[in-house]
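The values are calculated or read from the model by the stated rules, or taken from the named source; none is laboratory data. What you see is a predicted model, and the numbers here were worked out from it, not measured in a lab. Here the Cβ positions follow ideal geometry from the backbone for every residue, glycine too, while neighbour counts run over all protein chains shown. When the accessible area is computed, the model is the full protein with side chains, heavy atoms only, and any ligands, DNA or RNA have been set aside. Shrake-Rupley method; radii C 1.70, N 1.55, O 1.52, S 1.80 Å.
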Amino acid sequence: MSDLRATLLAVPVPDEAGAEERAWEVVRAAYAEREPAPRRRRLLRPALALAVVAVVAAAALSPPGRAVGGWLRDRVAGEPNAEPALARLPAPRMLLVTSERGAWIVRGDGSKRLLGAYDGASFSPRGLFVVATAGHRLVAVEPNGDPRWSLSRPGRPTDARWSPTPGFRITYREGDTLRVVGGDGNGDHLLARAVAPVAPAWLPRANRTVVAYARADGVVRAVDVESGEELFRTPRTRGVEEILWTPGGRVATLTRKELVVYRRDGRPSGTPTGRLEKGQVLLDAVTVPRDELVYADYDAAAGKTTLVQTDCLDGGACRLIGPRELYTGPGHLRDLALSPDGRWLLAGWPEADQFLFLRLAPPRIRAVDAITREFDPGGTGSAPFPRVAEWCCRPAPAQ
């Protein structure tokens, strides 16, 4: 019997990570419908207190790079001292969030405005407008929700992204095509066909209007939108899910199994994630100052996600130099967003129903509870967990 049990346990479960996430949604909905009981403060039992001390001591004695301060956590989902409401942002400017009700803007003082029943949204370069999608419409709205212009298409526009300053162009996908329209809603035209279902990414520089997009065959192209010139293309990569530009002007692609950074001629320069173990899945990635990257590594066997910061040196190969485990928590940490000042990292935490804010330097943790109800006022809390779209924007320079 023991041999049979070992054999059954060794059989891999198809789509284990996806099944786990679907099961969690059912459990969370049932939990939200229960009658809430008031929380009580409990003193740590002696044995538990000793265990906590041992964990802290182990973290303090771990080699550099394994953990930073007290950031590394391995506990039941959720930070214990989370704030009860999203009453303020830890950094200035605005947050863009999409929920079952639509797209919301959150300002620094915690005030929120529902822009409309949009299923996708993205800020303009200075946050003066939001480009949003709903059904067959592409819409530009002001932060107060007033529409500025609207474009209707035969297909369904998705993944709309506004180009950097001065923001004269917007790209969006329609089916398997990539299209471009002016920031004023005029001049809509086709840019590419046979495009993969991946959001395009603009070069974060104002001197050229360059966008990177993934083709259906896995090749990522960087194209000057104005001239049509191809700057470079990467080798074929199966399963590209996200495209990023590093601050130094290099493209990175994220799949479920690797994060690859490319040179400016399109050749791979390094894989910051290294070789992932069986069962590990990359959920998201974001670039941070000094040409570095943070990625979310989910371990299906352990049921937890680790946020890792890695150096990506400018002007040479992207090498794995002193990777830092910023945080580890049960469940899925996803939708990574960087604050406009580059000091705070935001991650959505569906299992905990929390937003997790991590200050990169000096290290600090701030969590906010009951996020689902924040963007479903009057609801039961059983709505799907909202998604973080963007954290915007750097103040406009003085004229």
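Below is a table of values for the structure above.
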| item | result |
| --- | --- |
| Close pairs from the range 180-204: first in contact (Cβ under 8 Å) with a residue 40 or more places away in the chain and at positive phi, partner buried (at least 18 other Cβ atoms within 10 Å of the Cβ) and of a type in the set (Val, Ile, Thr), Cβ under 9 Å, at least 6 apart | Gly185/Ile170 |
| Filter result for Ala222 (in contact (Cβ under 8 Å) with a residue 12 or more places away in the chain, open to solvent by less than 20 Å² (accessible area, probe 1.4 Å) and in contact with a helix residue (DSSP H, G or I) (Cβ under 8 Å, 6 or more places away or on another chain)) | no |
| Count of the range 183-213 residues which are under 18 Å from Val286 (Cβ atoms) and open to solvent by less than 60 Å² (accessible area, probe 1.4 Å) | 7 |
| Residues of the range 157-179 that turn out to be in contact (Cβ under 8 Å) with a residue 40 or more places away in the chain and either outside any strand (DSSP E or B) or more than 17 Å from Ala134 (Cα to Cα) (or both), as a count | 8 |
| Flag if Gly135 is surrounded by fewer than 18 Cβ atoms within 10 Å (Cβ to Cβ), without any contact (Cβ under 8 Å) to a residue 40 or more places away in the chain and of a type outside the set (Lys, Arg) | yes |
| Index of the failed condition, Ala117 passing every other in (1) within 23 Å of Arg161 (Cβ to Cβ); (2) open to solvent by less than 60 Å² (accessible area, probe 1.4 Å) | (2) |
| Number of positions in the range 327-346 that are in contact with a Lys or Arg (Cβ under 7 Å, 6 or more places away or on another chain) and crowded, with 21+ Cβ neighbours inside 10 Å | 3 |
| Where a residue in the range 370-391 is more than 14 Å from Ala337 (Cβ to Cβ) and β-branched (Val, Ile, Thr) and its partner, wherever it lies, is assigned to a strand (DSSP E or B) and open to solvent by 20 Å² or more (accessible area, probe 1.4 Å), with Cβ under 9 Å and at least six apart | Thr372/Ser99 |
| Top-ranked residue of the range 240-253 - restricted to ones that are over 15 Å from Glu292 (Cβ atoms) and either of a type in the set (A, V, I, L, M) or in contact (Cβ under 8 Å) with a residue 40 or more places away in the chain (or both), ranked as most open to solvent (accessible area, probe 1.4 Å) | Glu241 |
| Members of the range 143-156 that are closer than 14 Å to Leu128 by Cβ, in contact with a strand residue (DSSP E or B) (Cβ under 6 Å, 6 or more places away or on another chain) and assigned to a loop (DSSP other than H, G, I, E, B) | Pro143, Gly145 |
| Residues of the range 281-322 that turn out to be among the basic types (Lys, Arg) and at pLDDT 90 or above, as a count | 1 |
| Qualifying positions in the range 283-299 - within 22 Å of Trp202 (Cβ to Cβ) and touching a Ser or Thr at 6+ places or on another chain (Cβ under 7 Å) | Thr287, Asp291, Glu292, Leu293, Tyr295 |
